[in-house]
Amino acid sequence: MKILVVGTGAREHAIVRALSLDPAVTELHAAPGNPGIGALATLHTVNPLDGPAVADLAADLGADLVVVGPEAPLVAGVADHVREAGIPVFGPSAEGARLEGSKAFAKEVMEAAGVPTAAPRVATDLEQAAAALDELGAPYVVKDDGLAAGKGVVVTDDRDEALAHAHACLEKQDGRIVIEEYLDGPEVSLFVLSDGTDVVPLVPAQDFKRVHDGDAGPNTGGMGAYSPLPWAPEGLVDEVLDRVARPTIAEMARRGTPFAGVLYVGLALTSNGLKVVEFNARFGDPETQVVLARLATPLAGVLLASATGGLGSLPPLEWRDDAAVTVVVASEGYPADPRSGDPILGVVQADALDDVHVLHAGTSQKDGVLLSAGGRVLSVVGVGADLTAARTAAYAGVDRISLRGAHHRSDIALAASQG
């Protein structure tokens, strides 16, 4: 198979790495990719938001499959252009991607499908926002309706802070927000593959959104993740399939907009049972880094089955018993004002460690020197017999890396590893 992966981050690097290990894959291409991806795939300078250009590239390459990684190209309809060119594509249509592109739309679909979720209020002006905050009470949960790279949510006991975030979101063109009741309990991420009819779950993971140890500081795109979840209740995956994934996929099909790709189900295990925090229309970052590190089934055939309606005949996925932990190395100033352009040292040394691999997120290369080029710079993945061993490996890798002003969380998977 010849495969083209669209995107630039650590999620796409994780996908490319998994595909590179699949004996069925004979050629790998990426648009535009990053220096880490470039070690495994041929890079192409194509705007990932330009659907016709991506489709033309895939046709020129004779690609057997296109994998669209990030949310922005999906919401922009890149997968639609590739499908119209007659090329199988892993990723939902623009209409399907509205499950992530509009939180209000996702809530509407959840309500129609009977999916358990937090009670929402949609606001388009500050007066409505203030009324919703007072109605639902603290802790206040305020979400930008549109795409915000994982940073559009504020959870706070401070009404003024909640209202300020609402104001900032509403000032955008066509600004709209969703205010929700607060969901207590731990959060879980579960990726569910769909071909528009059938669904296949991957394994659960947990990510860490706050920038500092102890879940302190502002939300980020994600500072680390781990899998498996030894504390997760037995039967969790089956419950998510029955109460969330299958009803949602059926509702999208009923509307005439079947969802084919990966439905990212963000869950809270509350005192009142399982509830959906959010949907995404693509693999989560950094959860993908640990989930794919544990997948034993070759990835290409799984993604192709999703793209071509073949999930129903796919054999059960096989998983390694090993645990995986990923730690994000972020640049100075992230998430508010990240620095770029600083040299990164030690990646080769970290990659050379047993049970460690380094995935590039925000990097560039100039005159052979690896440079930071974004807020989240690297994802360092450790694999081990259990979470303690995986943590040890991941942090050994982090310790080899040098980047001016860089920071990372030191408590990824710590509580879970301690039982």
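For region 192-218, list residues with backbone N below 16 Å from a point placed 7 Å from the Cα of ASP386 toward its Cβ?
Output list for this probe position: empty.
So for each of 335-348, 36-49 I average, over its residues, the number of other beta carbons within 10 Å; can you give me the resulting order with the highest mean first?
36-49, 335-348
Please state the charge dipole magnitude for region 318-419, taken about the Cα centre, from unit charges on C-beta atoms (+1 on K and R, -1 on D and E), reported in debye and rounded to the nearest 20.
That gives a dipole near 360 debye.
Could you list which residues have their amide H under 5 Å from that of ASP342, counting only those 5 or more apart in sequence or on another chain, with H placed in the peptide plane?
Counting only residues 5 or more places away or on other chains, the set is SER372.
Pick out which of ALA389, ALA330, ALA281 has the largest mean-square fluctuation in a Gaussian network model of the chain, springs linking Cα atoms closer than 10 Å.
Top of the fluctuation ranking is ALA389.
Choose one of HIS212, SER194, LEU236: the residue whose Cα lies farthest towards the positive end of the charge dipole of region 111-238 (beta-carbon charges +1 Lys, Arg; -1 Asp, Glu; about the Cα centre).
Ranked along the dipole, the leading option is HIS212.
So for region 124-196, averaging the separation of alpha carbon pairs under 8 Å that are six or more residues apart and normalising by length, what relative contact order in percent results?
Relative contact order for region 124-196 comes out at 38 percent.
Candidates (1) 146; (2) 330; (3) 135; which is the computed volume of the Cα convex hull per residue in Å³?
Read-out from the structure maps to (3).
Calculate the translational D of region 24-164 in whole µm² s⁻¹ from Stokes-Einstein, where the hydrodynamic radius comes from the Kirkwood formula applied to all Cα pairs, the temperature is 4 °C and the viscosity 1.567 mPa s. If you can, show how the numbers build up before the last one.
Working: Rh = 17.7 Å.
In µm²/s, the coefficient is 73.
Using the Cα centre of region 267-374 as origin and beta-carbon charges of +1 (Lys, Arg) and -1 (Asp, Glu), tell me which of THR270, VAL369, THR288 is placed farthest towards the positive end of the dipole.
Comparing the listed Cα positions along the dipole, THR270 ranks first.
So who's got an amide H within less than 5 Å of the one on THR363, skipping anything under 5 residues away but keeping other chains? H placed 1.01 Å off N, in plane.
ALA373
Given R₀ = 22 Å, FRET efficiency for LEU49-THR308 by Cβ-Cβ distance, to 0.05? Intermediate values should be presented prior to the final figure.
On the way: r = 25 Å, r/R0 = 1.12.
Efficiency, rounded to the nearest 0.05: 0.35.
Can you give me the C-alpha center-to-center distance between region 300-349 and region 221-288, rounded to a whole angstrom?
17 Å
What dipole magnitude, in Debye to the nearest 20, does region 146-260 give about its Cα centre under +1 on Lys/Arg Cβ and -1 on Asp/Glu Cβ?
With only Lys, Arg, Asp and Glu charged at Cβ, the dipole is about 480 debye.
Kindly provide the pair-distance distribution of region 185-325 built from C-alpha pairs, with 10 Å bins from 0 and whole-percent values in order of increasing distance.
11, 41, 35, 11, 1
Nearest 5 is fine: what % of DSSP beta bridges in the chain come out antiparallel, could you say?
Values: 62 of 77 bridges.
Bridges in the chain that DSSP calls antiparallel: roughly 80 percent.
What relative contact order, as a whole-number percentage, does region 1-157 give when Cα pairs under 8 Å and 6 or more residues apart are counted?
16 percent
Charges on Cβ only, +1 for Lys and Arg, -1 for Asp and Glu, centred on the Cα centroid of the chain; of ALA79, MET110, VAL6, which one is farthest towards the dipole's positive end?
Farthest along the dipole direction, towards plus: VAL6.
Let me spell out the model: positive unit charges on the Cβ of Lys and Arg, negative unit charges on the Cβ of Asp and Glu, origin at the Cα centre of the chain. What dipole size does that give, in debye rounded to 20?
560 debye
Can you give me the Kirkwood hydrodynamic radius for region 186-233, using every pair of distinct Cα atoms, in Å to one decimal?
12.4 Å
Show me the ranking of peptides 259-268, 104-113, 224-233 by mean Cβ neighbours inside 10 Å, starting with the highest. Could the numbers behind the result be given before it?
Values: 259-268: 24.4, 104-113: 18.3, 224-233: 20.8.
Output ranking for 259-268, 104-113, 224-233: 259-268, 224-233, 104-113.
Taking only C-alpha pairs under 8 Å that are 6+ residues apart, what is the relative contact order of the chain in percent? Kindly include the intermediate steps, with their values, before the conclusion.
Working: 1049 pairs, mean separation 67.2, N = 419.
Relative contact order of the chain: 16 percent.
Read-outs throughout are calculated quantities, based only on the coordinates presented, and are distinct from any laboratory measurement. Nothing here was measured: the structure is a model prediction, and the numbers come from that model. Positions of Cβ are backbone-derived with ideal geometry, glycine not excepted, and every protein chain shown enters the neighbour counts.
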